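Before any comments, here is the structure.
The values are calculated or read from the model by the stated rules, or taken from the named source; none is laboratory data. This one's a predicted model, so the numbers in the text were calculated from it and none came from an experiment. Here the Cβ positions follow ideal geometry from the backbone for every residue, glycine too, while neighbour counts run over all protein chains shown.
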Amino acid sequence: METTLLLFKPDALQRGLVGRLLARFEDKGLQIVGLRLLRMTSELAARHYAPHVGKPFYPGLLRFMTAAPIIALALRGPKAVAVVRTMLGATFGIDAKPGTLRGDFGCSKTFNLLHASDAPETAARELELFFPDGLEAWEPATAPWLWDPA
């Protein structure tokens, strides 16, 4: 089992898409183990996006991510990192295939609705940033019907 971070970016909240987007992850069988509504500070944004320092889009990304509230979500499930990234689709909604979240809800190269960790190691670092007090450990009653026994 893996746990991954997903951020609902300001455009997802401003467009009123959080419920529909979140439902897709629950429908897939991923378990919510952390959920926070917050206003990302400049400091948190700089730490989270540190790998992008020096890239041309970095200043705009920080302005965007601190402009309005976001939702941080921790999801658990088998191969959660890969599953979530596949569900998101291509980075830019205009390039994303129908059936993916960005393909179904996005048509911009600037506003792409969601951030997802790109590897288990990245997820561990990012989860610590957004959930410093840890995550909720619980077992869904549906687990035997969702996940193969390990």
Residue satisfying condition, being farther than 17 Å from V84 by Cα, at pLDDT below 95, not in a helix (DSSP H, G or I) and not small (G, A, S), within set P51, P56: P56
Being closer than 22 Å to R36 by Cα and without any contact (Cβ under 8 Å) to a residue 60 or more places away in the chain is the filter here, so list the residues in segment 106-121 that pass it. D118, A119, E121
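If I ask for residues that are assigned to a helix (DSSP H, G or I) and closer than 24 Å to G34 by Cβ, which ones from segment 83-105 would you list?
V83, V84, R85, T86, M87, L88, L101, R102, F105
Per-residue answers, yes or no, for (1) closer than 22 Å to R102 by Cα; (2) assigned to a strand (DSSP E or B):
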residue: L6; (1), (2): yes, yes
residue: L13; (1), (2): yes, no
residue: G16; (1), (2): yes, no
residue: G19; (1), (2): yes, no
residue: R24; (1), (2): yes, no
residue: D27; (1), (2): yes, no
residue: G34; (1), (2): no, yes
residue: L37; (1), (2): yes, yes
residue: A46; (1), (2): no, no
Considering only segment 83-114, state which residues are surrounded by 20 or more Cβ atoms within 10 Å (Cβ to Cβ), of a type outside the set (A, V, I, L, M) and modelled with pLDDT of 95 or more. G89, R102, F105
Scope segment 65-82; condition assigned to a helix (DSSP H, G or I) and buried (at least 19 other Cβ atoms within 10 Å of the Cβ); matching residues: M65, A80, V81
Looking at the structure I just gave you, is A123 outside any loop (DSSP other than H, G, I, E, B), within 29 Å of R15 (Cα to Cα) and either aromatic (F, W, Y) or within 17 Å of the chain's Cα centre (by Cα) (or both)? yes
For segment 1-56, which positions are free of Cβ contacts under 8 Å to residues at least 40 places away in the same chain, surrounded by 13 or more Cβ atoms within 10 Å (Cβ to Cβ) and within 23 Å of P140 (Cα to Cα)? L35
